[in-house]
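A short write-up of the structure that comes next.
The values are calculated or read from the model by the stated rules, or taken from the named source; none is laboratory data. Because the structure is predicted, anything quoted here is derived from the model rather than measured. Here the Cβ positions follow ideal geometry from the backbone for every residue, glycine too, while neighbour counts run over all protein chains shown. The area values use the complete protein model at the heavy-atom level, side chains included, leaving out ligands, DNA and RNA. Shrake-Rupley method; radii C 1.70, N 1.55, O 1.52, S 1.80 Å.
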Amino acid sequence: MSGIAEAPGDDAGIVAAIRDAAAAGEPLAVSGNGGKRAMLRPVRAARGLSTRNLSGIVFHSPAELVLSARAGTPLAVIEAALAEHGQHLIAEPPDLGRLLGAAAPPTLGGMVAANLSGPRRISGGAMRDHVLGVRAVNGEGTVIRSGGKVLKNVTGLDLCKLLAGSHGTLAVMTEITLKVLPAPEATMTLVLPGLDAAQGVAALAAALGSPFGVSGAAYLPAAAAARVPALDPADTGTGAGVAVVRLENFAPSVAYRAGRLAEALAGFGAPRQIEDDGSRALWRAIRDAVPLPVAETDAVWRVSVRPSAAPGLVDALAATGARWFLDWGGGLVWIAAPAEAATHRVVTAATAAAMGAWMLLRAPEALSAGIDVLPPPPAVLARLTRRVKTAFDPRGILNPGRMYAGI
Amino acid sequence: MTVQPEPKASVLARCGQIVTGLREAAGVGAVIADLVSLRAYETDGLPAYRQTPLAVVLPETTEQVAAVLAFCQANGVRVVPRGAGTSLSGGALPLADAVVIGLMRMNRVLAIDYADRVATVQAGVTNLAISGAVGGEGFFYAPDPSSQLACMIGGNIAMNSGGAHCLKYGVTANNVLGLTIVTMAGEIVTLGGAHLDAAGYDWLGILTGSEGQLAIVTEVTVRILRSPEGARAMLAAFASNEVAGAAVAAIIGSGVIPVALEFMDRPAIHACEAFAHAGYPLDAEAMLIVEVEGSEAEQDALLARLAAIIRRFDPLSLRLAATAEESAAIWKGRKGAFGAIGRISPDYLCMDGVIPTSELPAVLGRIGEMSREYGLAVANIFHAGDGNLHPLIMFDANDAASMAKAEEFGAEILKLCVAVGGCLTGEHGVGIEKRDLMPVQFSADDLDQQRRIKSAFDPDWLLNPSKVFPLGAPPVLEAA
Ligand SMILES: Cc1cc2nc3c(=O)[nH]c(=O)nc-3n(C[C@H](O)[C@H](O)[C@H](O)COP(=O)(O)OP(=O)(O)OC[C@H]3O[C@@H](n4cnc5c(N)ncnc54)[C@H](O)[C@@H]3O)c2cc1C
């Protein structure tokens, strides 16, 4: 895809590469380590620009809950540095390397650009919620900054939010500041086996509607549950699905809350408990979409809906041969199915009926190059999308076509 | 004082015609145009600035908002959106040639869904009314600005408001899932919905905190949360700001994040005590209010952990609430802080800078020096967990020199916040008040990028103009 792939080691290099491309009127495929290249639509560009050599933590103040790192820093490096101080990334960002066929470790910039969040999204917020500040280079090769290094900041328009989730189409982020939090002292998962999707989502709603601070709530149909070694075969072998609910807190609180939550969920059966390491392994698997049975040629969708709409949505997929599981209390539906336009239409129609949002996370180029990978915005929003793109990247050289054809 | 742009003579000349057009767009009963009634809208929570608008419209539906905006756009009329008018940065200050669109009649709760934990309300519903509507089922809406009895969710969206409990629950931006907005051209757009991850660019994120620069918000879908089993507070008094600041760092560094962590300095303690008789420690230089949540046993355990940390800093006194009533007593003084300052000074400016928490002692020391230099008293209230500092500068608005000094003092504090690595505003917004300080925090390129986003939404800069951005010709967007 990229004839010349540049990977400068400083902002000046990024600025020069972008100015050069802008002068030549040639598009740039923007990436970190390139691990998400298979996501969304393919970018047709003769030149590539990577942030992978912009690496390293610049600033970490544990007592202020703030960390800044250059965009190409591998997430694992950041996680390790935080762990040394008993802290973690709040949004629990996933490593989708398996799904996207990438071996390279995900970078901070890539994770923020894709706004990918893990199970803790339901209690702690999304990746974009914790981006406190950004330095970036826009499509004219101008360095811009937004936000800062403090936890609260409403000074001016929050461009950090626009850049998070813009998949490199607006500006190339070079340094990112995040809010971080202490990692929980203990964690425990309650496992409720033998539930169908409707019962499972109802159980998750009861758990999330309790005062006990649930920080993970997923439903795995039997085939998905069977793929998770951390679950007991006695729970997954029933042929029915499994609801799992996570608590994270100080050890005595976890013990107390597990008891109270089990009482609140009594109508769904007696939960089995999985403690610390087992619980961590389970949620790492859910975070990285391990439960999703995916064939090499499958397409994968990530659908965000009102949780109560999830059972109906997956029912509507039954005829397509889709496999799926639910995170975020039912609010995130992971779907894998043969990569066909007809299946895509079923997924998007069912999501639209539920008034949710879908993303064709991955598909063979033959499919993704020719269809929408995100819900096409209605006319007014399409115009605003184009105008915001122009405001950052007037020549349209940064990752053109990655989110929408022609933008 | 910040300078306002010249009113457009062409608009002032057509005043009658414009009022007629507004009546056609929103109905006769929705339009206020007589001078006496317009007075009620001439200022907001920053009363040092006043300006009577051309007219006020109070629409009841999104469609009426759309019709009014389309009319104003077509006629080149400036528009100032308004919620409850509690902005402390002059965000809702009218212009002489502007139409104020007040959202207060759009005050209905539209839908509550406990299974999905969301509520949809019109923009004119007050912050507290959302919690009120869902409280019976044990739920609440988390962001809790002190003005929550009056301020409206539309205003909260525009300002990205925070509150004492946002250390744990986040600010407005972290709790909004869906919006209905109307663009300056009068187009109605829905963004997000009742689901967590909305599609496309982060429209919710850029709209929240946009201070009425991009669109008018008419409907909002927020997350609602189940209330904790209970909450209890603790009060710790210290011999110096330095020691109290060190205690804050030790608490956060220990891995315990309280739901609230509030700091008051000596003048604030004395003012609040005189007003509320909350039993505050008058011998202290600084005090902290720390709140935790959970079951009784959990509260006990967390308070014990925090008390152990605080004892390492030789507190002058340490008061753990044993009951909800004792907690309320601890909060009473803090919650009445604005009233308390209002009692000892005819007027005050509430600043809203943010600093890295490690800079607290140095910054408070410098503010104390400046207070002596300017000859104006100041009391400091601080959301200590997240570095949001509220110096309350006391002055006399009837004395022009006193007011000018207060404004200058405030600006110096905010410059200091930026200089130590912080920012101009943590929750009150830029508005008119801090507009001309924006270059202190942002480079010309940074600001230009923001101004281009404004142009993307509102090419003619008719929506809440002369706020947020230093005056200047609006950038024209063109694809190269
Ligand atoms: C005593 C007191 C205590 C306060 N405490 C806090 C606090 O703890 N935390 C905090 O964050 N703030 C606080 N504030 C500030 C203020 O209450 C908030 O900024 C609040 O969100 C403003 O809401 P409002 O409805 O009064 O909006 P207004 O003051 O009417 O308007 C604020 C801004 O929003 C715009 N706007 C209003 N409605 C809309 C809409 N529907 N669409 C688009 N733009 C709109 C206006 O043009 C203006 O720029 C306090 C204010 C007072 C007076």
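Could you grab me the full set of residues in region A:112-164 that are open to solvent by less than 10 Å² (accessible area, probe 1.4 Å), within 7 Å of chain B (Cβ to nearest Cβ) and in contact (Cβ under 8 Å) with a residue 40 or more places away in the chain?
A:N138, A:V150, A:L162, A:A164
Does B:V243 qualify as being more than 16 Å from the ligand (Cβ to nearest atom) and open to solvent by less than 20 Å² (accessible area, probe 1.4 Å)?
Criteria not met by B:V243.
Collect the residues in region A:249-295 that are over 27 Å from A:W334 (Cα atoms) and not small (G, A, S), keeping them in residue-number order.
Within region A:249-295, A:N249, A:F250, A:P252, A:V254, A:Y256, A:R257, A:R260, A:E263 qualify.
Can you run down the residue pairs with Cβ atoms below 6 Å, 6 or more apart or on separate chains, where the first is in region B:208-219 and part of a strand (DSSP E or B) and the partner is near the ligand (Cβ under 8 Å from one of its atoms)?
B:I216/B:P81; B:V217/B:A123; B:V217/B:G154; B:V217/B:I157; B:V217/B:I181; B:T218/B:A123
Is there a residue being part of a helix (DSSP H, G or I), at pLDDT 95 or above and more than 12 Å from chain B (Cβ to nearest Cβ) anywhere in region A:87-94?
No, region A:87-94 contains no residue that is part of a helix (DSSP H, G or I), at pLDDT 95 or above and more than 12 Å from chain B (Cβ to nearest Cβ).
Whether any residue in region A:286-296 is touching a residue at least 40 places away in the same chain (Cβ under 8 Å) and in a helix (DSSP H, G or I) is what I want to check.
Step one: of region A:286-296, the residues touching a residue at least 40 places away in the same chain (Cβ under 8 Å) are A:286-295.
Pick out the ones that are also in a helix (DSSP H, G or I) and you get A:286-287.
Yes.
Can you name the number of the only condition in (1) out of contact with any helix residue (DSSP H, G or I) (no Cβ under 6 Å at 6 or more places or on another chain); (2) open to solvent by 10 Å² or more (accessible area, probe 1.4 Å); (3) at pLDDT 95 or above; (4) of a type outside the set (D, E, K, R) that A:G237 fails?
Condition (3) is where A:G237 drops out.
Being more than 14 Å from chain A (Cβ to nearest Cβ) and open to solvent by 40 Å² or more (accessible area, probe 1.4 Å) is the filter here, so list the residues in region B:261-306 that pass it.
Within region B:261-306, B:R266, B:P267, B:H270, B:A274, B:F275, B:H277, B:G279, B:L282, B:D283, B:E285 meet the criteria.
Does B:L22 satisfy the criteria of being touching a Lys or Arg at 6+ places or on another chain (Cβ under 6 Å) and at pLDDT 95 or above?
Here the answer is no, as B:L22 does not meet what is asked.
With the requirement that a residue be charged (D, E, K, R) and more than 12 Å from the ligand (Cβ to nearest atom), what does region B:424-443 give you?
Scanning region B:424-443 gives B:K434, B:D436.
Which residue is nearest to the ligand (Cβ to nearest atom), if the candidates are limited to region B:357-387 and must be open to solvent by 20 Å² or more (accessible area, probe 1.4 Å) and within 14 Å of chain A (Cβ to nearest Cβ)?
Going through the qualifying residues, I end up with B:T357.
Starting from residues that are touching a Ser or Thr at 6+ places or on another chain (Cβ under 7 Å) and part of a helix (DSSP H, G or I), keep the ones in region B:160-204 and report whichever is farthest from the ligand (Cβ to nearest atom).
This residue is B:A173.
Tell me which residues, restricted to region B:205-233, are more than 16 Å from the ligand (Cβ to nearest atom) and open to solvent by 10 Å² or more (accessible area, probe 1.4 Å).
B:R223, B:L225, B:R226, B:S227, B:P228, B:E229, B:G230, B:A231, B:R232
Return only the number of the condition from (1) within 14 Å of chain A (Cβ to nearest Cβ); (2) farther than 28 Å from B:L424 by Cβ that B:I257 does not satisfy.
All conditions pass for B:I257, except number (2).
Can you give me the number of residues within region B:419-431 that are closer than 23 Å to B:G163 by Cβ and more than 7 Å from chain A (Cβ to nearest Cβ)?
Result for region B:419-431: 2.
For A:T73, work out the one condition from (1) open to solvent by 20 Å² or more (accessible area, probe 1.4 Å); (2) over 25 Å from A:V300 (Cα atoms) it doesn't fulfil.
A:T73 satisfies every listed condition except (1).
Can you find a residue in region B:65-82 that is modelled with pLDDT of 95 or more, within 15 Å of the ligand (Cβ to nearest atom) and open to solvent by 40 Å² or more (accessible area, probe 1.4 Å)?
no
Looking at region B:272-286, I want the residues that are assigned by TED's automatic domain parsing to the domain that holds B:A328 and have a partner that is assigned to a loop (DSSP other than H, G, I, E, B) and aliphatic (A, V, I, L, M) with Cβ atoms under 7 Å, at least 6 apart or on another chain. Which pairs are those?
B:C272/B:A278; B:E273/B:L282; B:P281/B:L316; B:D283/B:L316; B:A284/B:L316; B:E285/B:A239
Quick one: count up the residues across region B:121-142 that are more than 11 Å from the ligand (Cβ to nearest atom) and outside any loop (DSSP other than H, G, I, E, B). Steps first, answer last, please.
Pass one, region B:121-142, residues more than 11 Å from the ligand (Cβ to nearest atom): B:121, B:128-142.
Now restrict to residues that are outside any loop (DSSP other than H, G, I, E, B): B:121, B:128-135, B:139-140.
Number satisfying all stated conditions: 11.
State whether the residues of region B:52-62 include one that is within 30 Å of B:M394 (Cα to Cα) and within 15 Å of the ligand (Cβ to nearest atom).
Within region B:52-62, one or more residues are within 30 Å of B:M394 (Cα to Cα) and within 15 Å of the ligand (Cβ to nearest atom).
Within 8 Å of chain A (Cβ to nearest Cβ), crowded, with 24+ Cβ neighbours inside 10 Å and touching a residue at least 40 places away in the same chain (Cβ under 8 Å): is that true of B:A173 in this structure?
no
Working only within region A:255-274, note down all residues that are of a type outside the set (S, T, N, Q) and in contact with a helix residue (DSSP H, G or I) (Cβ under 9 Å, 6 or more places away or on another chain).
Within region A:255-274, A:Y256, A:R257, A:L261, A:A264, A:L265, A:G267, A:F268, A:G269, A:A270, A:P271, A:R272, A:I274 meet the criteria.
Name the single residue that is farthest from B:T172 (Cα to Cα) among those in region B:143-159 being more than 6 Å from the ligand (Cβ to nearest atom) and crowded, with 24+ Cβ neighbours inside 10 Å.
That would be B:I153.
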